[in-house]
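Before any comments, here is the structure.
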Amino acid sequence: MSPLNSLAKVDVSGNHHIASKKVVRASGLQMNENLWKQYFERDQFTRKITRGFPRVKKAKIKFSSLNQFTIDVTEYKEVALLSKKGEYLPILENGQIVQEPQEKADKNKVILEDFTGQDKIMPTIKNYYKLPKEIQSGVSQINYTPSKNNDELLTIFMNDGNRVILNISNMDQQMHYYPQVAKEMDDKGIIDMEVGIFARPYDEKNTEDENNQADSE
């Protein structure tokens, strides 16, 4: 077999969180084996990559030289962090939680806490990113705080010290009112948007408001 008919090298591009060697290894491509056979069967190699790494949205194998391939990788974007046991797990744009804990939170990503499944994570993320940028930047953390009668309740911690209680399904609509409501408040407190819009300051009777999740009654 001519050397030009054998796969001599594989490069990887587009990967930011996964080492190139790991991508090549996961693909199953074999050096010094028939080049054309592997090229025509390239879909099976790219499927191995997407199955092996939850971060990979898609992969494409193409020629970079006469007997060399490049694997072009497209990764899912990290859109949020899940706070869990003092660490943070990346949440991808498809709602997948990546089991790669990190000790420090990225200040550019919103933090989610107490979420247990994609069924609530996905709509929360989608509605959060529908918000105007100035409101997004004012959000510090979003906690999933369901009640017995409402499994859609969220408690949103704002950077200005206020907390907002609302439903996942109408978060993008209700939060548009937040800047005006917050402006009219004399003291920091809780803005309840579950049904209508009601604001109350933190007080001695509700000292847990300062340190724990807001009461969702």
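Ordering THR155, THR70 by how much accessible area each has at a 1.4 Å probe, largest first, what is the list?
Details: THR155 0, THR70 20 Å².
Accessible-area ranking of THR155, THR70, largest first: THR70, THR155.
Measuring from the lowest to the highest alpha carbon on each principal axis, how far does region 81-152 reach, largest first, in angstroms?
35, 28, 21
Given the chain, what whole percent of its Cα pairs are spread farther than 28 Å? If you can, show how the numbers build up before the last one.
Values: 10550 of 23436 pairs.
Tail fraction, whole percent: 45.
Need one value: the accessible area of VAL195 in square angstrom, 1.4 angstrom probe, rounded to the nearest 10.
110 Å²
Going by accessible area, probe 1.4 Å, with all protein chains left in place, what is the ranking of ASP192, ASP160, ASP187, largest first? Could you put the intermediate results ahead of the total?
Working: ASP192 25, ASP160 65, ASP187 100 Å².
The ordering from most to least exposed comes out as ASP187, ASP160, ASP192.
Rounded to the nearest whole Å², what accessible area per residue is found for the chain with the 1.4 Å probe?
That works out to 58 Å² per residue.
When the Kirkwood radius is taken over all Cα pairs of region 118-197, what Stokes-Einstein diffusion coefficient follows at 10 °C and 1.306 mPa s, in µm²/s?
Values: Rh = 12.7 Å.
Value of D from the Cα-based Kirkwood radius: 125 µm²/s.
Using Cα-only point scatterers and the Debye equation, what is log10 of I(q)/I(0) for region 6-113 at each q in 0.19, 0.20 Å⁻¹, rounded to two decimals?
So the normalised log intensities work out to -0.88, -0.94.
TYR129: accessible area at probe 1.4 Å, nearest 10 Å²?
Approximately 100 Å² of TYR129 is accessible to the 1.4 Å probe.
From the protein chains alone at 1.4 Å, what is the descending order of accessible area for ILE197, ILE121, largest first? Kindly include the intermediate steps, with their values, before the conclusion.
Values: ILE197 70, ILE121 0 Å².
Correct descending sequence by accessible area is ILE197, ILE121.
P(r) tail for region 42-103, what percent of Cα pairs lie past 14 Å?
Working: 1165 of 1891 pairs.
Value for region 42-103 (Cα pairs over 14 Å): 62 percent.
Given a 1.4 angstrom probe, I'd like the percentage of the accessible area of region 17-66 that is carbon and sulfur, rounded to a whole number. Mind showing how you got there, number by number?
On the way: 1670 of 3330 Å².
Ligands and nucleic acids excluded, carbon and sulfur reach 50 percent.
How large a share of the accessible area of region 70-109, in percent, is made up of carbon and sulfur atoms when the probe is 1.4 Å and the other protein chains stay in place? Before the final figure, lay out the partial values.
Working: 950 of 2320 Å².
Its accessible area is 41 percent carbon and sulfur atoms.
If I take every Cα pair under 8 Å that is 6 or more residues apart in the chain, average their sequence separation and divide by the length, what percent do I get for the relative contact order?
Numbers: 370 pairs, mean separation 24.8, N = 217.
Value for the chain: 11 percent.
Could you compute how fast region 47-167 diffuses translationally, taking Rh as the Kirkwood radius over C-alpha pairs and applying Stokes-Einstein at 10 °C with viscosity 1.306 mPa s? Give it in µm² per second.
Values: Rh = 16.1 Å.
It diffuses with D of about 98 µm²/s by this estimate.
Peptides 58-67, 168-177: what's the order by average Cβ count within 10 Å, highest mean first? Let's see the in-between values first.
On the way: 58-67: 14.8, 168-177: 17.6.
Highest mean packing first, the order is 168-177, 58-67.
Based on DSSP H runs of at least 4 residues, each adding -39500 (n - 2.57), what is the mean residue ellipticity at 222 nm of the chain after dividing by all its residues, to the nearest 500 deg cm²/dmol? Provide the component values of the computation, followed by the final result.
Working: 8 runs with 55 residues, N = 217.
It lands at -6500 deg cm²/dmol.
The values are calculated or read from the model by the stated rules, or taken from the named source; none is laboratory data. These numbers were taken from a predicted model, which means no experiment stands behind them. All Cβ positions, even for glycine, are placed from backbone atoms using ideal geometry, and neighbour counts span all protein chains on display. Quick note on the areas: whole protein, heavy atoms, side chains included, nothing else; ligands and nucleic acids left out. Shrake-Rupley method; radii C 1.70, N 1.55, O 1.52, S 1.80 Å.
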